[in-house]
Structure formats: C-alpha cells, structure tokens
Amino acid sequence: MSDELSDRVAQYLRWQVSDKVALLAQRYPDDTSLTLDWTDLARWDPTLAEDILDAPDSMLEYVERGIRDTPLPVDTSLGQATPRFENLPESHTTAPGEFSPSDRRGQLLALEGQVAKRTQVQPRLVEAAFECQRCGTLTRIPFEPGQFIEPFECVGCETKGPFRINPDQSRYEDYQKLLLENPSSAALGGDTSDIIAHLQGDLAGHGAIANCQDVVLVGELQFRGGGPIPEPQVVVNSVQAAGQTYQDAEFTADQRDLFERLRERPESFDVDIEDPSTADVLMAAAAPKFVSGSHPRDRQVVRGLVLQLVSASTFDGPDGSHYRGDVHVLLPGDPGTGKSVLAKWAAAVAPRSAFASGERVSGPGLTAAAVKDDFSDGGFSIEPGVLVRAHEGIAVVDELDKAGEDTIEKMHSALADQILPLSLGGQSMTLPAECGLLGVCNPLGGHFAGDESLVDALGINSPLLSRFDLIMQMRSKQDREHVRELAESMIRTWSASLKDATGQALDTADADAIDPVLSMDQYRAVLLRARQLHPTPANDRVIEALAAWFEEQKMALPERYRDALADADGQYHGPPVPVTARKLGAARRVAQAAARANLREEITMADVEVAKELVSRSLADLDIPIVHNAGLGGGDVNRREPADLSGVS
Ligand SMILES: [Zn+2]
C-alpha cells in the first residue's frame with residue numbers, strides 16, 4: 001500500500017508539476033514551499049486527492065518524501081520543502097462555525113474568514129530538550145502548535161525531574177497564532193463563530209495575515225485540550241488572500257464583451273433613461289428605484305456611490321507625496337430613506353469590502369488595537385477593524401454617529417494617512433488602511449428637526465466631516481408624487497418577487513421589476529476593470545475648469561462669513577467645513593472616478609461637470625441651515641437665498 005502510494009505521489013510530482021519542483025529547486029532554501037493545486041491533482045489522480053483530504057497528517061508526509069526523492073536538474077536536495085495545497089473542492093470549503101467539528105476532525109479543510117486577531121511572529125518550541133535537574137539527562141519531546149506538556153519521567157533516572165528546558169538543545173521555528181472569524185456572523189454583529197489557527201515556519205508573518213486581510217486558510221482540523229470538550233483548531237498548510245483586487249484581475253471573453261458593450265452601446269441596456277452613458281447604466285443597475293424618474297438628489301446619491309466604488313487612482317508622486325484616490329462618502333439621513341439599503345448593496349457588490357455598525361462595535365472594531373492578553377501568551381495581539389480589513393476596497397459603517405468621540409478621532413487620522421498606527425509597548429507599527437469609507441448616520445434624535453445645520457444635527461465633529469469628499473443628506477419624502485411613486489415601486493417588486501418565488505407567470509413589467517440590469521458578478525467585474533484605468537485630463541480646459549470652480553467656492557464662502565472671520569478673538573466662527581484644498585482634492589477624485597465609471601482613459605469636461613455638481617451639493621448640504629434646505633426629497637440647491645448663491649454652481 002505505502003509503496004503504491006509513494007509511486008503515485010512520485011508520478012504526479014515528476015509528470016504533472018515537474019516545472020514547479022524545478023522552480024522551487026532554484027529558489028531553495030530561500031523558499032521552501034511547493035504550492036500545489038488540489039483540483040489539478042484530483043484530475044490527475046482522484047483517489048490520491050481524496051486521501052489527502054481525509055488523512056492530511058500522513059499523506060502530506062508522503063508528498064514531502066516524494067519531493068525529496070524527485071530527481072532534479074540542479075544538484076540540490078529539497079530536504080526541508082513543504083507541500084502546500086490550495087484550491088480545495090467545494091465539499092471541503094467552509095467557514096468558522098459552519099461545519100461539524102467531530103465529523104471533520106483530522107480532515108484538510110479550506111476555511112474562509114476574516115482575521116479577528118493575530119499575534120506577532122514569535123519563536124515556538126518544535127522539539128523541547130528537557131534537562132533533568134537530578135541527573136542532567138535530556139528528554140526530548142516534540143510539540144504540535146498549541147500543545148505543551150512536561151515529560152512524565154526522566155529517560156535517565158526515571159524520576160519526575162524537576163526539568164528545565166535547555167534552549168541550545170531544543171528546536172524552534174517561527175510561529176504565529178490567529179483567530180479566524182466568520183465574516184457574515186461578524187458583520188451582523190450577533191453571535192460570532194471563530195476558530196484558532198496556527199501558522200508555522202515560513203507561513204508565520206504571511207503578508208495577508210500581517211495586514212489582517214480576509215483569507216482562505218487550508219489546514220488540518222485538530223482537537224486541542226484533553227478534557228471532555230476539546231477545542232477544534234486548525235494547523236495551517238496554506239494561506240491565500242480572499243477576494244479579488246483590481247491589480248490581479250483577469251477577465252473572460254464574455255466579460256470583455258460586456259465592457260465593450262457598456263462603453264460603445266450603453267443604450268442597448270434595458271434602463272429607463274434616455275441616451276444613457278456607461279455611468280448611467282451602472283447607476284441604473286445599482287438602484288433602479290433611486291434612478292429612473294426619481295428626484296435628482298436621489299440620483300446624485302447613487303452616482304456618488306458608484307463613483308466611490310470605482311474611486312480614483314491611489315499612488316505616490318516622485319516627491320513622495322501620497323495621492324489618495326479613495327472617495328469617502330457620508331450619507332446622513334432620516335430613517336427609511338433607503339440609505340442603509342444602498343450601503344449594504346455597495347458592501348455586497350464591492351470586490352473587497354468590510355461592513356460594521358457603529359453602534360455594535362467599539363473603537364478597535366472600526367480602527368485597530370494592539371492588546372496584551374492570554375491569546376498571545378503575554379505578547380501583543382493585533383485586532384483589526386473595518387478600515388484595515390477593507391484595505392484596497394471600501395469600508396461601510398452604518399450608524400457612524402454612534403461610534404463615539406475617541407473612535408471618530410482615530411478614524412479621522414486613518415482616513416487622512418490611509419494607515420493605522422499602533423503602539424505595542426515600546427514598539428510601534430502601522431497597518432495599511434487604503435480604503436474608501438462609506439458612512440451612514442442618523443441625525444441626533446432620529447429625525448432632522450428642520451432648522452439646525454447638518455453639523456449640529458449630526459453631532460460628528462467637523463474635522464472628520466472635512467475628510468468626506470461627498471456628504472449627501474437624504475430626507476424622507478414629503479411630496480405626494482414621490483411618496484406614491486416609491487410605494488408603487490415597492491409593491492410592484494413585492495408582487496413580482498412573490499410570483500417568481502411561487503412559480504407563477506411573469507409579465508414584462510414583473511420581469512423589469514426584478515431582473516437586474518447587471519448581475520452582481522458582472523457588476524463586480526466592471527468595477528475591477530474600471531479600477532485598472534488611470535484617466536488623466538484630456539486637455540488644459542479640464543484643468544482650468546477645475547481650478548476655476550475651486551476659486552469660486554473658496555472666494556464665495558469667506559464673503560458670506562466675513563463678519564465671523566473678523567471676530568476679535570481671532571477664532572474662526574465661519575462655516576463648519578471651510579473650503580480648503582481638500583475640496584479641490586475631492587473634485588479631482590470625483591472627476592477621475594467619473595471618467596473611470598465611463599470606462600474612459602481621459603477626464604473630460606463632462607466629468608468635471610459631475611465633480612462640480614456633486615462636490616457643490618456636499619458643500620451646500622453641510623452649510624445651509626436645513627430650513628432653507630427642505631424641499632422635495634430633501635434640499636434643493638436652487639432654493640438658496642439669493643445672497644447665498646454666489647459660488648455654488
Ligand atoms: Zn534524571
């Protein structure tokens with residue numbers, strides 16, 4: 001049996017993955033991992049592949065031996081090479097809390113989840129040399145991660161010691177422990193399911209773990225603790241970052257056809273808009289109810305979300321300055337205006353995202369924390385929050401107003417620098433947090449009273465507000481026509497969904513009500529493609545138009561608040577969010593994102609118009625007392641008092 005197994009392993013290594021083994025031989029010993037695709041193995045030898053799932057403990061040893069015995073073109077011995085399996089079948093892919101620990105014990109599993117906590121890389125005892133304090137004899141005991149026991153008796157004098165570990169005679173390896181959490185349970189804020197995972201050797205310090213990204217861990221499920229209720233834990237064999245980033249996205253022929261159709265023939269999509277642009281199709285596909293026939297202010301909100309999802313280019317300039325491309329959006333609104341629905345949709349469709357509710361999570365849940373606790377055996381554990389987990393994606397925070405002052409303060413600096421600094425005793429470290437923030441919040445007291453400014457109504461300090469590129473207030477519908485339209489559309493969707501769910505015939509109107517313009521997968525592919533583009537201004541007119549807009553905004557507001565600025569105490573009592581260069585940054589980002597949303601490589605005057613419209617609306621929403629701002633479905637820029645109109649296009 002074992003000879004036959006060895007032969008089959010050897011054949012696979014020699015005939016199917018010889019190039020991988022040869023490549024490892026060149027890199028060895030700097031690299032000791034041989035990454036193997038389980039699905040590829042299953043096509044070559046299904047039985048062998050099944051055996052690896054059922055008995056990884058012994059089977060991985062066979063593969064290890066097989067690697068050592070594979071003839072190599074170069075004169076190297078791969079004595080310490082480790083096989084690592086990725087791409088496990090559906091049957092063995094699960095998440096913390098979603099499998100039976102007793103049934104799965106000893107199996108190789110792929111666990112998808114988010115890093116809720118991780119230790120730093122520490123040395124771990126692989127084999128301890130216990131030195132007897134009576135006779136000096138060494139008793140050697142190997143340990144699996146998470147295990148530690150003293151020898152029962154000395155191999156020399158057969159007494160119970162006492163023993164002391166002799167470090168020079170013991171073997172150590174790099175080690176890291178992490179807590180993997182089920183992302184869906186964490187997002188809902190209810191009971192969380194998690195599992196401890198152990199990373200050894202060159203897996204310790206893996207980039208995806210260090211940065212606390214969502215991951216797929218492949219490993220063997222083992223039981224720890226000798227009592228009647230042992231604890232299931234995973235000894236990890238391989239680590240992969242979960243989700244797709246735009247850098248490594250590759251597209252199928254169908255997807256490329258879709259991009260071309262979106263770019264060349266947007267009118268061929270079934271959207272209720274005349275002569276739509278590519279961005280219009282993306283908006284209609286995002287939230288049909290908010291787009292066709294609805295109030296312009298609602299359409300602006302949807303446009304803002306689509307632009308946040310594609311965002312602008314993030315890069316470092318030759319002089320070292322960091323250009324943030326992520327677009328931060330705040331949606332303050334009355335309850336029932338659909339803001340949470342839109343936010344949850346954005347989190348779901350984004351290729352990478354993290355979701356949290358400000359009410360349910362404390363500070364670290366939104367930012368990050370370094371804590372000293374039992375988990376890390378006296379060292380530091382890192383707990384990442386949504387801003388870290390959303391790196392290279394978007395962080396969606398519902399009920400941001402409930403997050404508390406401290407958290408808001410920390411979030412503010414994270415949004416500015418796109419990193420989160422952590423202090424670990426005397427040391428410090430940073431976690432990357434390059435993400436767009438979508439904040440959703442309610443006014444104090446639940447509803448906008450109608451006469452206070454948005455800043456007063458929100459109770460969020462204004463430095464944080466100034467970090468948002470777009471702040472778009474959503475008010476409950478008050479005019480007859482829109483209330484009726486919304487109600488009708490909701491009943492229509494309910495009716496069509498019910499017919500669909502119970503197998504009744506759908507007419508065209510029904511199909512329109514529930515068929516998405518783009519599937520979630522298609523939408524995600526378009527977002528990834530858009531983020532691969534780096535549009536630049538088409539000509540000088542574009543640059544001049546942005547500059548002229550900024551000049552108008554900047555000069556208009558001091559005029560309005562001239563008296564306040566002239567205060568004798570030297571304090572600024574002007575508008576809550578003064579028009580600083582940040583707003584120029586916001587306009588630049590929104591314009592570039594608008595070009596991306598049209599899958600264009602150039603920023604045109606049309607994109608500048610979008611930027612002017614959205615950023616001006618943000619300034620107006622923030623600045624104007626709500627009594628002037630009230631109107632159909634919210635405020636209306638055109639209702640500003642004549643004196644206020646200067647500078648708002
Ligand atoms: Zn002894």
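We did not get these values from a lab; they are worked out from the coordinates using the rules stated. What you see is a predicted model, and the numbers here were worked out from it, not measured in a lab. Glycine gets a Cβ as well: all are built from the backbone with ideal geometry, and neighbour counts include every protein chain shown.
Would you list, by chain and number, the lysines whose Cα falls below 17 Å from the Cα of LYS554, excluding same-chain residues fewer than 8 positions away?
Candidates past the 8-residue exclusion: LYS583, LYS612.
Run through the DSSP bridge list for the chain and note the antiparallel percent, rounded to the nearest 5. Could you put the intermediate results ahead of the total?
Working: 55 of 83 bridges.
Percentage antiparallel, nearest 5: 65.
Send over the Kirkwood Rh of segment 2-87, from the inverse of the averaged 1/r over different Cα pairs, rounded to one decimal Å. If you can, show how the numbers build up before the last one.
On the way: mean 1/r = 0.0780 Å⁻¹.
Value: 12.8 Å, from the Cα pair sum.
Going by average Cβ density within 10 Å per residue, which order do the peptides 125-131, 380-386, 590-596, 11-17 take, highest to lowest? Write down the numbers at each step before the final one.
Details: 125-131: 18.7, 380-386: 24.9, 590-596: 29.0, 11-17: 16.6.
Peptide ranking by packing, descending: 590-596, 380-386, 125-131, 11-17.
Take the alpha carbon atoms of segment 92-242, find their radius of gyration, then divide it by 2.2 N^0.38 Å using N residues; give the quotient. Present the calculation step by step, with values, prior to reporting the outcome.
Numbers: Rg = 18.0 Å, N = 151, 2.2 N^0.38 = 14.8 Å.
So segment 92-242 has a normalised radius of gyration of 1.22.
For the chain, I need the span (max minus min coordinate) of the C-alpha atoms along each principal axis, in Å, sorted largest to smallest.
97, 66, 51
Can you give the net charge of the other residues whose Cβ lies under 12 Å from the Cβ of LEU221, counting K and R as +1 and D and E as -1?
Cβ neighbours under 12 Å give a net charge of -2.
Within straight cross-link reach of LYS402, meaning Cα distance under 14 Å, which aspartates and glutamates are found once same-chain residues fewer than 8 apart are removed?
LYS402 reaches GLU359.
Suppose the chain between ASP31 and TRP15 were pulled fully straight at 0.36 nm per residue; how much longer would it get relative to their current alpha carbon spacing? Mind dumping the intermediate values first?
Working: separation 16, 0.36 × 16 = 5.76 nm, distance 2.19 nm.
Gain in length upon complete extension: 3.6 nm.
Starting from the Kirkwood radius over alpha-carbon pairs of segment 320-426, derive D by Stokes-Einstein at 20 °C in a medium of 1.002 mPa s and give it in µm² s⁻¹. Mind showing how you got there, number by number?
Working: Rh = 15.1 Å.
Estimated diffusion coefficient is 142 µm²/s.
All other residues with a Cβ under 12 Å from the Cβ of GLY436 taken together, and with Lys, Arg as +1 and Asp, Glu as -1, what is their net charge? Show your work: numbers first, answer last.
On the way: positive: ARG324, ARG352, ARG467, ARG531, ARG589; negative: ASP326, GLU392, GLU434, ASP469.
Taking every Cβ under 12 Å from that of GLY436, the sum is +1.
Within the P(r) computed for segment 429-540, what percentage of the Cα pairs occupies the region above 24 Å?
Details: 3831 of 6216 pairs.
Percent of Cα pairs beyond 24 Å in segment 429-540: 62.
Taking the alpha-carbon distance from LYS160 and a cut-off under 12 Å, which aspartates and glutamates remain once sequence neighbours fewer than 8 residues away in the same chain are dropped?
GLU131, GLU150
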